[in-house]
Amino acid sequence: MGVFEDVPIDLVPDALIFGLAAAMIVQEIVLVQRTGVLGGRYEKEMREYTEKMLDFFDSKMFWIFGILAIFFVLGMIPLILSSREVDEKSVVRVACVAIILTLGVDPILGTLPKKDGIATIGALVIYALVVHSGLSGYPDLAIQLNSYVGSFSAVTSSSIVVTYLLLSTRWAYIRNLCYGMADGWVEFTLYIGIPLLMILQTEIPDFLKLIFKIYIGAY
């Protein structure tokens, strides 16, 4: 990231999107699928999860690639309507965003066989908040770090935090929603709490101002 991008001001750079998509694919192959195969650590959990999902979705191909296609088509609409040129790089970015959303939503689909709307919507809302906090706080964190270290280190460090946050959140969702394995406070702190706090600490001053306004009102 430090090689390809300067400190961002208000946009999520292409390199970060490409990197996130690649990281999620590697996570799916190395961590999720590899531990779920015959003899893997989560073989039993993966088999039970797959059986439940195939009872809900008639086709595993739609379960995976159908959702990916939907997200890709939805992404092409704003690209065509925007002023950005529809070239190979922009289309690849849309495809990468579709991959990120598909792999991110995938574990949340594990709540559908339970037919618990609150669990599904609640998981979607929390995941959306984490993604929004990570990507919206990414430029602020990079700019803040740039005051202490160089541009290369600031962008690289901020990218690592965001990538770790999204990957660890997805893994926590897989363990909880798909495998039924609850994480304790220690796991939450290491996987989600610390990186989320690093991202959100740039917004603490604005949050405190909001609290003052709530308590005091106009003055």
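The values are calculated or read from the model by the stated rules, or taken from the named source; none is laboratory data. It should be emphasised that the depicted structure is a prediction, and the values quoted were computed from it without experimental measurement. Methodologically, a virtual Cβ is constructed for each residue, glycine included, from the backbone with ideal geometry; neighbour enumeration extends over all protein chains shown.
Only residues in region 12-23 that are under 11 Å from residue 135 (Cα atoms) and modelled with pLDDT under 85 count as the first member; pair them with residues that are surrounded by 18 or more Cβ atoms within 10 Å (Cβ to Cβ) and not hydrophobic (A, V, I, L, M, F, W, C), Cβ under 8 angstrom, at least 6 apart or cross-chain, and list the lot.
12/138; 12/139; 13/5
Residue under question is residue 26, and the condition is that it be under 21 Å from residue 131 (Cα atoms), exposed (fewer than 14 other Cβ atoms within 10 Å of the Cβ) and of a type in the set (A, V, I, L, M, F, W, C); does it hold?
yes
Report whether or not residue 71 is surrounded by 15 or more Cβ atoms within 10 Å (Cβ to Cβ) and either modelled with pLDDT under 90 or on the phi > 0 side of the Ramachandran plot (or both).
no
In this structure, does residue 68 turn out to be in contact (Cβ under 8 Å) with a residue 12 or more places away in the chain and in contact with a helix residue (DSSP H, G or I) (Cβ under 7 Å, 6 or more places away or on another chain)?
Yes.
Within region 145-190, track down each residue that is crowded, with 16+ Cβ neighbours inside 10 Å, more than 22 Å from residue 24 (Cβ to Cβ) and touching a residue at least 40 places away in the same chain (Cβ under 8 Å).
Within region 145-190, 146, 154 qualify.
Do you know which residues across region 173-191 are touching a Lys or Arg at 6+ places or on another chain (Cβ under 7 Å) and hydrophobic (A, V, I, L, M, F, W, C)?
Residue satisfying the conditions is 181 alone.
Sort out which residues of region 191-219 are touching a residue at least 12 places away in the same chain (Cβ under 8 Å) and more than 21 Å from residue 145 (Cα to Cα), and write them in order of number.
191
When region 61-88 is examined, which residues are found to be of a type in the set (Asp, Glu) and over 17 Å from residue 18 (Cβ atoms)?
85 - this is the single residue of region 61-88 that is of a type in the set (Asp, Glu) and over 17 Å from residue 18 (Cβ atoms).
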